[in-house]
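Next up is a structure, given as structure tokens.
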Amino acid sequence: MQAPRAKKVPHVHEEHGHQRFDEYFWLNQREDPEVVAYLEAENAFTKATLAHAEPLWETVFQEIKGRIKQDDSTPPAPKSGFYYYARFEEGQQYPIYCRREGAVDAPEQIMFDANVMAKGHEYFHLGAPCITPDQKLAAFATDSVGRRKYETRFRNLETGETYDEVLTLCSGSMAWASDNHTFFYARMDDETLRSHQIWRHRLGSDVSQDELIYEETDDTFNVYVHRTRSGKYLMISSYHSVRSEIRVLSADDPEGKFQLFLPRGGEHEYSVDHGGEYFYVASNDGARNFRLFRTPVDNFARDQWEEILPHREDVLLAGFDVFATRLVVTERCEGLIRLRIMPFEGEEHVIDFGEPAYDAWVDANYEFETGILRYGYTSMTTPKSIFDYDTVSRQKHLVKQDEVLGGFDSGDYVTERLQVPARDGAIVPVSIVYKKGFKRDGSSPLYLYAYGSYGLSLDAGFNSSRLSLLDRGFAFAIAHIRGGQEMGRAWYDTGKKLKKKNTFNDFIDCAEYLVAQKYTSSSRMYCGGGSAGGLLMGAVLNMRPDLFHGAIAHVPFVDVVTTMLDESIPLTTGEYDEWGDPRQKDFYEYILSYSPYDNVTAQAYPHLLVTTGLHDSQVQYWEPAKWVARLRDLSTSDNRLLMKTNMGAGHGGASGRYERYREVALDYVFLIDLASGASA
């Protein structure tokens, strides 16, 4: 089957005295039948090209599915006399949300069966239910398109009745007041999908009577509402990538007025939670890696803040959780997570995890008055494990570890933490896993993955699907490149805006190091990333296409200049402090110098698989579509160039778990088929 060719329609962008030619600009018309026909033609071409590998695709899909316990559940978490959990049934696509009253072995009550709710929808997502303090009612948000525009409804958990009122254009952020009757929720702008308003709804009233409580008029901010774990306060949080502003209200006073905690200013980021007589505040004021304060609830003026955890140059304060008798602080030190236990009385300590590369997090902790911390742990060889940790005795109890079926033995695999010198002297960590017997002679295939944006850290966790690669001789590696926050806030600051190219250079330097150390060779190395990680793929492939045999780019953000100049596109206005504002000439020229779509040239590109979703609200489908069309026109190689558009999903891909397994299996089949030499 011949590869589809998108027609060229002359279109010129003019900015700052530059002309940018964009012959595929017409692909941004989502409802145009010709656009839909082109996307479907690309899907058909991908299917035809991989037809010979369909048996392998089915094999890998069955492997992935076969390792996962299909009737599994999350461990029950206590909350106000109930134990809450979600479970899957074999053969079902979606979770079932349940609870038991009084004991973990009490009769089960099904609150929501997403499988029933999803019937008739190609895509479906049910957000986690928001339950009233008396545990009798639940608000729940659903999206049946994939654009993340939720409808919120209410259900009586005692009778099972779903009430008539429906709230629309919701972001999914919501909170109940203490009266179990007054409900606060965030609404989105219909065009930009920016969460910009907080509304108050009284259960049982006409939604047309809902009151606008707060509107965020700065289009670079998003706004959210939540209730503190203590249950005492409601908070409206306005967030920008480098600044924040918070308002507070007693949850016992739902008709009251939210009080400004601290005005926004400069690049001040702060977050607030409550415990006892104090608000606790994490702030980067004079502290790049953040420090922790407390301030009385009846006087939280800035001059009343008392520092309780100082700034540390080598440790990032990544988050904190407040309990009745202690704080739990999430830190990053040398690229790894630490959980610091800080009792209000007594000696603090850090939980030791003891592996060279891992991920850890504070898990579902609904109770405020407890000495038990529930946390999660995983490594590249250890399946996800949930522990209950007694913060007084320092004893931990394994509550649940994900069961991996099919004879998995963690002792069959090896994980390493490498330290890679970058070209400017920075040291970039790389986490790598492979099966025992892996040959370090340059002959083995290796899949290198990264993200590197928004300060989001990509930690070394377990993925049972990945075994389908490892068991076929692949190594899998994560490059912890700049743009994330693995090594502290400076790691992020030196990988964004006018320093963004550090992200791309780090990835290339890590790839070259892996070749030099004979973990693989350029003819056996593959790379991948999604969303902003897809931008990484696009930039790297323009810069060093010779370094990789193949690449995968999921929902890639590759048309950076055009998107960042269009304020009508979702997310654009809130991201100037990530990428820079191209309305300013210096940012425009810098972004233009690396934007993947704008820098495609006539050169030999490696094999490439690109995925997108027609209803993607974060990276619009036309970015990868335009990129693929231009690559198809200019690439001088005969290597595979495949694009698969999910015509019924958004940024996260398929909503059902089995469809997601199939999408992962497609990635792996693309890699395995290339590594086998079938299309070398």
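Under the condition of being of a type in the set (A, V, I, L, M, F, W, C) and over 20 Å from the mean Cα position of the chain (by Cα), which residue from segment 220-240 is farthest from THR370 (Cα to Cα)?
ILE236
Now, a different point. Which residue, of ASP559, ASP616, is over 19 Å from the mean Cα position of the chain (by Cα) and surrounded by 24 or more Cβ atoms within 10 Å (Cβ to Cβ)?
ASP559
Against the conditions (1) buried (at least 18 other Cβ atoms within 10 Å of the Cβ); (2) more than 30 Å from ARG326 (Cα to Cα); (3) β-branched (Val, Ile, Thr), where does THR132 fall short? Just the number, please.
THR132 satisfies every listed condition except (2).
Go through (1) at pLDDT 95 or above; (2) of a type in the set (A, V, I, L, M); (3) over 19 Å from LYS501 (Cα atoms); (4) surrounded by fewer than 20 Cβ atoms within 10 Å (Cβ to Cβ) and name the single condition LEU608 misses.
Of everything listed in (1) at pLDDT 95 or above; (2) of a type in the set (A, V, I, L, M); (3) over 19 Å from LYS501 (Cα atoms); (4) surrounded by fewer than 20 Cβ atoms within 10 Å (Cβ to Cβ), LEU608 misses just condition (4).
Which residues, counting only those in segment 247-305, are under 24 Å from ARG202 (Cβ atoms) and aliphatic (A, V, I, L, M)?
Matches in segment 247-305: VAL248, LEU249, ALA251.
Please go through segment 368-402 and pick out each residue that is under 24 Å from the mean Cα position of the chain (by Cα) and among the charged types (D, E, K, R).
ARG374, LYS384, LYS400, ASP402
Report the residue count in segment 216-228 for those that are at pLDDT below 95, buried (at least 17 other Cβ atoms within 10 Å of the Cβ) and out of contact with any Ser or Thr (no Cβ under 9 Å at 6 or more places or on another chain).
The total comes to 0.
Would you mind telling me which numbered condition in (1) over 25 Å from SER523 (Cβ atoms); (2) more than 24 Å from the chain's Cα centre (by Cα); (3) crowded, with 17+ Cβ neighbours inside 10 Å LEU418 fails?
Failing condition for LEU418: (1).
Can you find, within segment 288-299, the residue that is surrounded by the fewest Cβ atoms within 10 Å (Cβ to Cβ) among those that are closer than 20 Å to ARG326 by Cα and either in contact with a Phe, Trp or Tyr (Cβ under 7 Å, 6 or more places away or on another chain) or among the acidic types (Asp, Glu) (or both)?
Residue satisfying both the conditions and the ranking: PRO296.
When you check GLY231 against the structure, is it assigned to a loop (DSSP other than H, G, I, E, B), in contact with a Pro (Cβ under 8 Å, 6 or more places away or on another chain) and either in contact (Cβ under 8 Å) with a residue 40 or more places away in the chain or more than 28 Å from PHE300 (Cβ to Cβ) (or both), yes or no?
Against the criterion (assigned to a loop (DSSP other than H, G, I, E, B), in contact with a Pro (Cβ under 8 Å, 6 or more places away or on another chain) and either in contact (Cβ under 8 Å) with a residue 40 or more places away in the chain or more than 28 Å from PHE300 (Cβ to Cβ) (or both)), GLY231 qualifies.
So GLU90 clears everything in (1) under 27 Å from SER230 (Cα atoms); (2) of a type outside the set (Phe, Trp, Tyr); (3) not in a strand (DSSP E or B) except one condition, right? Which one?
Result: GLU90 fails condition (1) only.
Turning to a different aspect of this structure: Would you mind stating whether SER522 is small (Gly, Ala, Ser), free of Cβ contacts under 8 Å to residues at least 40 places away in the same chain, outside any helix (DSSP H, G or I) and within 22 Å of VAL600 (Cβ to Cβ)?
yes
Being assigned to a strand (DSSP E or B) and touching a helix residue (DSSP H, G or I) at 6+ places or on another chain (Cβ under 6 Å) is the filter here; which residues of segment 179-219 pass it?
Scanning segment 179-219 gives no hits.
Condition first: of a type in the set (D, E, K, R) and touching a Leu at 6+ places or on another chain (Cβ under 9 Å). Can you find one or more residues in segment 77-94 that meet it?
no
Could you pull out the residue among LEU317, LEU292, LEU309 that is touching a Pro at 6+ places or on another chain (Cβ under 9 Å) and in the same structural domain as ARG374 (by TED's automatic domain parsing)?
Unique residue meeting the criteria: LEU292.
In addition: If you take just the helices (runs of 4 or more DSSP H) that sit entirely in segment 531-592, which of them hold at least 3 residues that are hydrophobic (A, V, I, L, M, F, W, C) and on the phi > 0 side of the Ramachandran plot?
Result: empty, no element qualifies.
So which residues in segment 101-144 are in a strand (DSSP E or B) and of a type outside the set (A, V, I, L, M), if there are any at all?
GLU101, GLU108, GLN109, PHE112, ASP113, HIS125, CYS130, PHE140, THR142, ASP143
Here's a follow-up. Would it be correct to say that ARG147 is outside any loop (DSSP other than H, G, I, E, B) and of a type in the set (D, E, K, R)?
When the stated conditions are applied, ARG147 does not pass them.
The values are calculated or read from the model by the stated rules, or taken from the named source; none is laboratory data. Fair warning: this is a prediction, and the values are worked out from it, not measured in the lab. Because the Cβ atoms are built from the backbone with ideal geometry, glycine has one as well, and the counts that use them run over all protein chains shown.
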